[in-house]
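Contents: one structure, followed by commentary.
The values are calculated or read from the model by the stated rules, or taken from the named source; none is laboratory data. Here the structure is a predicted model, which is why all the values come from computation and not from measurement. Glycine gets a Cβ as well: all are built from the backbone with ideal geometry, and neighbour counts include every protein chain shown.
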Amino acid sequence: MFAEGERQERWLSAEAATAAGYTIIDLNDEWTPFLFEELADPAGRPLPNRYRRVFIGLANDELDGDGQPLEPGGKNYLEVYGIFPSLSVIRDRFLLDEKRTCAVPDDQAAMLAQKSISYVAPPAAKRNAAKQKKAFAELEKARIAANVDTLAALATAQPKQAAKLKEYERWAADQAAIAAAERRLICEGFLPEPEVSAKKKGPLKHEPLMQDEAMRLALRSFQQKHMIYDGHSFRPRTLEALAKPTLENDHAALVRAFRERVIAAADVLEDGSTETKKGPVMYTSASGEKVPLRNLAEEYTKAALEQLGLDTVDGALAFFKRHDDAEFKHLRAGVKLGPRPEYYAPHMELSIVVDRGDVWYDPWFDDQDRWRYPSRSRYPSLTLYVEYRGEKFPLTRWRTTIGGWRAEQAANGYEYYKYKGSDTGPRVIRKIVSGPVWIAPESTPIRSLVKSKKVEGRWQNVVNYDELGPGYLSAYGVVAGYFVIPGQGDAPDVDRGIRAHGSSNYLSIYSDTGYSHGCHRLPNHLAIRLYDFLLQHRHMIVKGDSPMEFSRQFLSGDQVYDMRIPSRGFEFELDPPISVSVLEGTVRGTLKEPVEGFVPKPGKRYPPPPPAELEGETTASGAAAVDKGAP
């Protein structure tokens, strides 16, 4: 910790720091959110979490998503998937980038001059380049003939040339920005040097100035490293990050990783997401005063960074030079944070409301199987409320997803369309599972159960545990809360397969056309924050690992695959459960009720029997039966 009023670190015991009112921030490389901490049962026996080892290995660039050692020199850029780099990983970035800025003033200006650059496939880009070079030659010839000094002067003298010049200048500006981005990506190691790339084959071969597969993969890695929720193209946030010095981007990564640790240490959640144009939510204090809801995530993070001298690039670099990698095996820091709001308590009256927003039951495809997603002005949201002194107000409000039309495989092995809806009405969350798995129902298309992976230097087809879990790419992400209808009397809960869970599909969550198979998705880091908060501010029971020993064989092509899932995940039970209300939303379009059953894909021939006779164990709402809910 820093002594108050000084800019010099001093050390003291954790007990003394806590007694003095300091909050302890864990900077350890083996830090995890509460969901993956090492916990024990009431008798003190350890309750191992199977995914903890993988989570830590991913954060430290040691393991891949399957828990296997990362290839030498490999990097995990997983912030967009909810796994932030360890402080040692960020330290390595700082020390490397102190020696390279990768930022050239002319290149920065070229990229910042463009709001975005449209994607143009390489064949079309080459044709357009030839066209624009020809146009430039014609403009130059006309300029000389007109005896003027510049092309701008030519456009003034001959207005009919203005449109051609404007098109050429737009193309030239795009080319300059792409060339600048290439140099930046080469400097950071996302693209190989031109002479190296020329020797490559397949998708890793990059042709200068082309938005080819190699460029797309490089942009994707760059965006994931810097937690940019963009498509893999030159959009505003991507261009802005490409133009920044590397140390500035490293500092932003430090702030993001540090924020998650501060939020976890302080046990807070409020992040400003409930604010509107009118300002923050107001609530009534015990003294009767109207008080604005604070953005505790930002307030506490800013205070902690300032106290530790990490609020600037130079301060962070100096910090990492003072503390080597060995110290991050145990390092913790004490900071003084403002008191939490008075509505905080060990057990808080919390509830969740899911607003489905605009809902369309009409098919999104025509008789030619052309899809057109309906427009929405109100998107689904998930809001966490607290009740304090008889007043209920929101702490966070985040974008989420609801179900819609999806392809589904019937018992005859053919794919149909089906409306996979999101249930409405009162529900509860009783069970929360970290490192959850998804048991793919028989209706899951086989193609999604197989992936290609490099094993011992060779590409092979293997079972796609990315989809099944546990893992950040799994259908349920890294944590899931089970929405159930509470049983009456001695009757058990009714589970219709709907979850509010983490998801790696961040582009879908924030997309105009983003829908699920019925579940309510959140970006993994927000799902972690939500469930960490619920578990630490509600009475709960740590149940531990939930063994299952599930196995299934399936055939894909001419190969048999053996799927094995030993555990459902690490289970917590809320006691009492938390109340959930899923609102109907605004039903738009012609149909006012969801279509039941399978719908044949237009233009596709099917064998008998008709779709209505192929309904397996799906429910009336389109959600699958217990433990087979599709995300």
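Check the stretch 423-430 and report whether any residue there is at pLDDT below 95 and assigned by TED's automatic domain parsing to the domain that holds residue 487.
Within the stretch 423-430 (the criterion being at pLDDT below 95 and assigned by TED's automatic domain parsing to the domain that holds residue 487), the answer is yes, since at least one residue qualifies.
Could you grab me the full set of residues in the stretch 295-317 that are more than 16 Å from residue 248 (Cβ to Cβ), of a type in the set (Gly, Ala, Ser) and at pLDDT 95 or above?
Within the stretch 295-317, 297, 303, 304 meet the criteria.
Kindly provide the set of residues from the stretch 118-151 that are exposed (fewer than 13 other Cβ atoms within 10 Å of the Cβ) and not in a helix (DSSP H, G or I), ordered by number.
Passing the criteria: 118, 121, 147, 149, 150.
Of all residues in the stretch 405-464, how many are assigned to a loop (DSSP other than H, G, I, E, B) and farther than 27 Å from residue 56 by Cα?
15
Consider the stretch 1-57. How many of its residues are free of Cβ contacts under 8 Å to residues at least 60 places away in the same chain, over 23 Å from residue 267 (Cα atoms) and assigned by TED's automatic domain parsing to the domain that holds residue 258?
The qualifying residues number 6.
Just checking, which of 38, 98, 6 is over 29 Å from residue 190 (Cβ atoms) and modelled with pLDDT of 90 or more?
So the residue among 38, 98, 6 that is over 29 Å from residue 190 (Cβ atoms) and modelled with pLDDT of 90 or more is 38.
Test each condition in (1) in a helix (DSSP H, G or I); (2) within 28 Å of the chain's Cα centre (by Cα) for residue 326 and report the one that comes out false.
In the conditions (1) in a helix (DSSP H, G or I); (2) within 28 Å of the chain's Cα centre (by Cα), residue 326 misses (2) alone.
Quick one: in the stretch 589-631, of everything that is in contact with a strand residue (DSSP E or B) (Cβ under 9 Å, 6 or more places away or on another chain) and not in a loop (DSSP other than H, G, I, E, B), which residue is modelled with the lowest pLDDT?
The selected residue is 614.
Of all residues in the stretch 152-182, count the ones that are of a type in the set (A, V, I, L, M, F, W, C) and surrounded by fewer than 19 Cβ atoms within 10 Å (Cβ to Cβ).
9
May I ask you to list the residues in the stretch 544-563 that are at negative phi, surrounded by 13 or more Cβ atoms within 10 Å (Cβ to Cβ), touching a residue at least 40 places away in the same chain (Cβ under 8 Å) and not hydrophobic (A, V, I, L, M, F, W, C)?
Within the stretch 544-563, 545, 546, 556, 561 qualify.
Looking only at the stretch 502-513, which residues are part of a loop (DSSP other than H, G, I, E, B), of a type in the set (Gly, Ala, Ser) and closer than 21 Å to residue 440 by Cβ?
Once the filter is applied, which keeps residues that are part of a loop (DSSP other than H, G, I, E, B), of a type in the set (Gly, Ala, Ser) and closer than 21 Å to residue 440 by Cβ, the stretch 502-513 yields only 504.
Out of the stretch 48-105, which residues are farther than 30 Å from residue 547 by Cβ, touching a strand residue (DSSP E or B) at 6+ places or on another chain (Cβ under 9 Å) and hydrophobic (A, V, I, L, M, F, W, C)?
Result: 80, single match.
Taking the stretch 1-47 as the region of interest, how many residues are of a type in the set (Val, Ile, Thr), in a loop (DSSP other than H, G, I, E, B) and in contact with a strand residue (DSSP E or B) (Cβ under 8 Å, 6 or more places away or on another chain)?
Total satisfying the criteria: 0.
Which of (1) within 30 Å of residue 122 (Cα to Cα); (2) in contact with a Phe, Trp or Tyr (Cβ under 8 Å, 6 or more places away or on another chain) does residue 239 not meet, given it meets every other one?
Going through (1) within 30 Å of residue 122 (Cα to Cα); (2) in contact with a Phe, Trp or Tyr (Cβ under 8 Å, 6 or more places away or on another chain) one by one, residue 239 breaks only (2).
Out of the residues in the stretch 183-208 meeting the condition of being basic (Lys, Arg) and at pLDDT 95 or above, tell me which one is surrounded by the most Cβ atoms within 10 Å (Cβ to Cβ).
Per the criteria, the residue is 184.
Those residues that are among the acidic types (Asp, Glu) and either buried (at least 22 other Cβ atoms within 10 Å of the Cβ) or free of Cβ contacts under 8 Å to residues at least 60 places away in the same chain (or both), I need them from the stretch 486-534; list them, please.
490, 532
Can you go through 92, 66, 97 and tell me which one is buried (at least 19 other Cβ atoms within 10 Å of the Cβ) and charged (D, E, K, R)?
97
Restricting attention to the stretch 278-285, does a residue exist that is surrounded by 15 or more Cβ atoms within 10 Å (Cβ to Cβ), free of Cβ contacts under 8 Å to residues at least 24 places away in the same chain and charged (D, E, K, R)?
no
In the stretch 314-363, what residues are among the β-branched types (Val, Ile, Thr) and buried (at least 19 other Cβ atoms within 10 Å of the Cβ)?
The answer is 335, 352, 354, 359.
Just a yes or no: is a residue in the stretch 397-414 buried (at least 19 other Cβ atoms within 10 Å of the Cβ), among the charged types (D, E, K, R) and within 20 Å of the chain's Cα centre (by Cα)?
yes
Out of 99, 115, which single residue is in a loop (DSSP other than H, G, I, E, B) and out of contact with any helix residue (DSSP H, G or I) (no Cβ under 9 Å at 6 or more places or on another chain)?
99
Condition first: β-branched (Val, Ile, Thr) and touching a residue at least 60 places away in the same chain (Cβ under 8 Å). Now tell me which residues in the stretch 189-243 satisfy that.
Result: 228, single match.
Residue-by-condition table, conditions (1) touching a helix residue (DSSP H, G or I) at 6+ places or on another chain (Cβ under 6 Å); (2) over 30 Å from residue 392 (Cα atoms); (3) not assigned by TED's automatic domain parsing to the domain that holds residue 1:
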position	(1), (2), (3)
271	yes, no, yes
279	no, no, yes
285	no, no, yes
313	yes, yes, no
318	no, yes, no
321	no, yes, no
328	yes, yes, no
331	no, yes, no
336	no, no, no
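Could you list all residues from the stretch 89-147 that are of a type in the set (S, T, N, Q) and under 36 Å from the mean Cα position of the chain (by Cα)?
If the condition is that a residue be of a type in the set (S, T, N, Q) and under 36 Å from the mean Cα position of the chain (by Cα), then 101, 108, 114, 116, 118, 128 are the ones that fit.
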